[in-house]
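Notes follow once the structure below has been shown.
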Amino acid sequence: MVQLIVGKKGKGKTKVLLDKVNGAIKEANGSIVYLDKSTKHMYELNNKVRLIDVSHYPIHNSDEFVGFICGILSQDHDLEEVYLDSFLKVSKLEGMDITPALAKIQEIGEAFKITFIISISLDKEEIPADFQNCIAVAL
């Protein structure tokens, strides 16, 4: 399953994402991963959440990013949720069509029963029609 938190840069998407992850960890039976472009929010996350700074890895396009996610999933069979902050930047999709990458992530989520909560710096109207029903929060 994919849930989207959308809105232009500076609208407060990261705060919503951090509140969601910190709330989810209290009820989680498995593990939760938070992917970001830096470790800036490390101290705002519950210490049970695994923070991964994607900028440390040689990811050059969205296919490599999806492969990176699959690598995380293959190492943690108890994974329940994956939070993706700064999605366009970490997935190398700035200025590109996000539909194929979101479709792959949605497919992975359904196959492995994992929820992906994704922060995207786009307005609701800019989200592809196929994913309009995935918008959980529009800022």
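The values are calculated or read from the model by the stated rules, or taken from the named source; none is laboratory data. Everything quoted here is computed from the prediction, not taken from an experiment. Heads up, the Cβs are rebuilt from the backbone with ideal geometry, glycines too, and the neighbour counts pull from every protein chain shown. For accessibility, only protein heavy atoms count, side chains too; no ligands or nucleic acids. Shrake-Rupley method; radii C 1.70, N 1.55, O 1.52, S 1.80 Å.
Restricting attention to the stretch 71-80 and to residues that are in a helix (DSSP H, G or I) and more than 13 Å from Leu35 (Cβ to Cβ), the residue that is most open to solvent (accessible area, probe 1.4 Å) turns out to be Gln75. Taking the stretch 94-134 as the range and being within 27 Å of Asp76 (Cβ to Cβ) and of a type in the set (A, V, I, L, M) as the test, the residues that pass are Ile98, Ala101, Leu102, Ala103, Ile105, Ile108, Ala111, Ile114, Ile117, Ile118, Ile120.
Which one of these is within 17 Å of Leu122 (Cα to Cα) and surrounded by 12 or more Cβ atoms within 10 Å (Cβ to Cβ): Lys20, Lys9, Lys13? Walk me through it before giving the result.
Working: Lys20 fails: within 17 Å of Leu122 (Cα to Cα); Lys9 fails: surrounded by 12 or more Cβ atoms within 10 Å (Cβ to Cβ).
Being within 17 Å of Leu122 (Cα to Cα) and surrounded by 12 or more Cβ atoms within 10 Å (Cβ to Cβ) holds for just one of Lys20, Lys9, Lys13, which is Lys13.
Return the total of residues in the stretch 81-104 being among the aromatic types (Phe, Trp, Tyr) and either in contact (Cβ under 8 Å) with a residue 40 or more places away in the chain or assigned to a strand (DSSP E or B) (or both). Don't jump to the end; show me each part of the working.
Here is the first cut: in the stretch 81-104, the ones among the aromatic types (Phe, Trp, Tyr) are 83, 87.
Cutting the leftovers down to either in contact (Cβ under 8 Å) with a residue 40 or more places away in the chain or assigned to a strand (DSSP E or B) (or both) gives us 83.
Count: 1.
Within the stretch 9-29, residues that are of a type outside the set (S, T, N, Q) reach partners that are part of a helix (DSSP H, G or I) with beta carbons closer than 7 Å, at six or more positions or on different chains, in the pairs Leu18/Glu44. Screening Ala136 with (1) touching a residue at least 24 places away in the same chain (Cβ under 8 Å); (2) over 15 Å from Lys13 (Cβ atoms); (3) open to solvent by 40 Å² or more (accessible area, probe 1.4 Å); (4) outside any loop (DSSP other than H, G, I, E, B) gives one miss only, at (2).
Could we say that Ser55 is more than 24 Å from Ala138 (Cα to Cα) and touching a residue at least 40 places away in the same chain (Cβ under 8 Å) here? Answer is no for this residue.
With the requirement that a residue be hydroxyl-bearing (Ser, Thr, Tyr) and in contact with a Leu (Cβ under 8 Å, 6 or more places away or on another chain), what does the stretch 23-45 give you? Before the answer, list the steps.
From the stretch 23-45, those hydroxyl-bearing (Ser, Thr, Tyr) are 31, 34, 38-39, 43; that's our starting set.
Ser31, Tyr34, Thr39 - these are the residues of the stretch 23-45 that are hydroxyl-bearing (Ser, Thr, Tyr) and in contact with a Leu (Cβ under 8 Å, 6 or more places away or on another chain).
Being hydroxyl-bearing (Ser, Thr, Tyr) and more than 23 Å from Leu102 (Cβ to Cβ) is the filter; apply it to the stretch 39-66 and report the residue that is most open to solvent (accessible area, probe 1.4 Å).
The initial filter retains those residues of the stretch 39-66 that are hydroxyl-bearing (Ser, Thr, Tyr), namely 39, 43, 55, 57, 62.
Among the residues that remain, those that are also more than 23 Å from Leu102 (Cβ to Cβ) are: 39, 43.
Details: Thr39: 65, Tyr43: 201 Å².
Taking the candidates together, the pick is Tyr43.
Restrict the check to the stretch 105-120 and report whether at least one residue is open to solvent by less than 60 Å² (accessible area, probe 1.4 Å), part of a helix (DSSP H, G or I), more than 28 Å from Asn29 (Cα to Cα) and at pLDDT 95 or above. Before the answer, list the steps.
Initially, the stretch 105-120 is screened for residues open to solvent by less than 60 Å² (accessible area, probe 1.4 Å), giving 105-106, 108-109, 114-120.
Those still in the list that are part of a helix (DSSP H, G or I) too: 105-106, 108-109.
Filter again for more than 28 Å from Asn29 (Cα to Cα), leaving none.
No, that holds for no residue.
Would you check which residues across the stretch 26-38 are outside any strand (DSSP E or B) and either in contact with an Asp or Glu (Cβ under 9 Å, 6 or more places away or on another chain) or open to solvent by less than 10 Å² (accessible area, probe 1.4 Å) (or both) and list them?
Going through the stretch 26-38, the residues outside any strand (DSSP E or B) turn out to be 26-30, 37-38.
Those that are outside any strand (DSSP E or B) and either in contact with an Asp or Glu (Cβ under 9 Å, 6 or more places away or on another chain) or open to solvent by less than 10 Å² (accessible area, probe 1.4 Å) (or both): Ala28, Asn29, Gly30, Lys37, Ser38.
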